[in-house]
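S.K.: Please see the structure below; I have some questions.
Each reported figure results from applying straightforward, stated rules to the coordinates on display, with no laboratory input. This is a predicted model, so every value here is computed, not measured. Cβ atoms come from the backbone with ideal geometry, glycine included; neighbour counts cover every protein chain shown.
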């Protein structure tokens, strides 16, 4: 298979295992490109991409922008905080106005779950979901899978635990879908109050004890506590959360085997993981950042190949 089965990347839920494998294989080639002295290829020279970020983002936005530059695409950047959305313009009108400038592809982050799915039905451009509310963040799951595959050789049969604020995390949901499609066993671990009630229906294991979860897994993805999405208190204090679910070097060293440590960022150092763990040789956090550019290049390149 050399092309995707979809016209947009709206979520991992909507793509096939073959799509994921094609993206990861393509990303491998682009990773070689971005490690060359000349890091640019003319693959998307005639494509114009709009980055629409209705929600704050640093790493994802920079990663997409850099990926676009590496592919020689023309880009326009849009920040909702300084736009006509503030004057009451609708999402569809905003995007259609941008598309009237002959834009081929839209990378969008939005606070509302399903915003990219809604938009894909309304406009004539390729849509890439760069995170919608607490729903999905497909490119993060793809770069996480790429990073695990690169470090463990394969994902099939591997045991991956996702730790922390599962309830408010779009990364967790996309990771669960992606890892399961690739044949991994997935476990979630965190306080009961931060685990969605439906979580077991997704076919994941649930563990409330961090030490047990870490002893079970081959890789642990430590999620950020999403304080900005929490309108009520889900645990007594950050100090108490850290005592129960924070990962320090002492705990890492006490495990019966070496495991990979991952984090989608930004890291709250000293809360989810200590600086010592984040900077240790078991951490692949910076690999994830580098791989994000290659994976996003692959996604945009493959979607551009489906231009009508």
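S.K.: If you wrap region 138-288's Cα atoms in a convex hull and average its projection over all directions, what's the area in nm²? List each step's numbers first, then the result.
M.R.: Working: hull surface 32.3 nm².
Mean projected area for region 138-288: 8.1 nm², to one decimal.
S.K.: At a threshold of 8 angstrom on Cα-Cα distance, excluding pairs fewer than six apart, so keeping six or more, what relative contact order does region 138-288 reach in percent? Please list the in-between numbers first.
M.R.: Working: 252 pairs, mean separation 36.4, N = 151.
Averaging sequence separation for qualifying contacts and normalising by length gives 24 percent for region 138-288.
S.K.: Follow-up question, since we're still on this one. If you bin the C-alpha pair distances of region 1-97 every 5 Å from 0, what whole percents do you get?
M.R.: The distribution over region 1-97 is 2, 10, 16, 18, 22, 16, 9, 5, 2, 0, given as percents.
S.K.: Residues in region 250-271, backbone N under 13 Å from the label point at residue 211 (7 Å along the Cα-to-beta-carbon vector): list them, ranges by number please.
M.R.: Zone members listed by number: 250-256.
S.K.: Treat each spin label as a single point 7 Å out from the Cα along the C-beta direction, and report the residue 156 to residue 257 distance in nm.
M.R.: Inter-label distance under the simple model: 1.8 nm.
S.K.: If you don't mind, another one. Express the relative contact order of region 26-181 as a whole percentage, based on alpha carbon pairs under 8 Å and six or more residues apart in sequence.
M.R.: Details: 212 pairs, mean separation 28.6, N = 156.
Computed over region 26-181, the figure is 18 percent.
S.K.: Mind giving me the nanometre distance, one decimal, between the label points for residue 268 and residue 35, set 7 Å out from Cα along Cα→Cβ?
M.R.: 3.5 nm
S.K.: Also, quick follow-up: Name the most mobile residue of 170, 296, 239, meaning the one with the largest mean-square fluctuation, in a Gaussian network model of the chain with Cα contacts below 10 Å.
M.R.: 239
S.K.: Can you compute the modelled spin-label distance between residue 276 and residue 289, with each label point 7 Å from Cα toward Cβ, in nm?
M.R.: Inter-label distance under the simple model: 2.2 nm.
S.K.: Can I ask one more? Counting each DSSP H run of 4 or more residues in the chain as -39500 (n - 2.57), what helix-only mean residue ellipticity at 222 nm follows after dividing by all residues, to the nearest 500 deg cm²/dmol? Please report the intermediate quantities before stating the final value.
M.R.: Values: 11 runs with 119 residues, N = 308.
That calculation yields -11500 deg cm²/dmol at 222 nm.
S.K.: Among 156, 197, 61, determine the one that fluctuates most according to a GNM of the chain built with springs between C-alpha atoms less than 10 Å apart.
M.R.: The residue that fluctuates most here is 197.
S.K.: Right, here's the next one. Who wins for biggest fluctuation among 111, 27, 50 in a Gaussian network model of the chain, springs between alpha carbons below 10 Å?
M.R.: 111
S.K.: Here's another thing I want to ask about it. How far is helix 59-70 tilted, in degrees, relative to the longest principal axis of the Cα atoms in the chain, given as a value from 0 to 90 rounded to the nearest 10?
M.R.: Compared with the principal axis, the helix lies near 50 degrees.
S.K.: Would you kindly state how much longer the chain becomes between residue 79 and residue 243 on full extension, computed as 0.36 nm times their sequence separation minus their alpha carbon distance, in nm to one decimal?
M.R.: Values: separation 164, 0.36 × 164 = 59.04 nm, distance 3.77 nm.
Gain on extension, residue 79 to residue 243, equals 55.3 nm.
S.K.: How many angstrom separate the Cα center of region 149-185 from the Cα center of region 236-288?
M.R.: Taking the Cα centre of region 236-288 as reference, the centre of region 149-185 is 17 Å away.
S.K.: Round to the nearest 0.05 the FRET efficiency obtained for residue 96 and residue 56 when R0 = 22 Å and r is the Cβ-Cβ distance.
M.R.: Values: r = 24 Å, r/R0 = 1.09.
Taking R0 as 22 Å, the efficiency between residue 96 and residue 56 is 0.35.
S.K.: Tell me the relative contact order for the chain as a rounded percent, counting alpha carbon contacts under 8 Å between residues six or more apart.
M.R.: Values: 556 pairs, mean separation 64.0, N = 308.
That works out to 21 percent.
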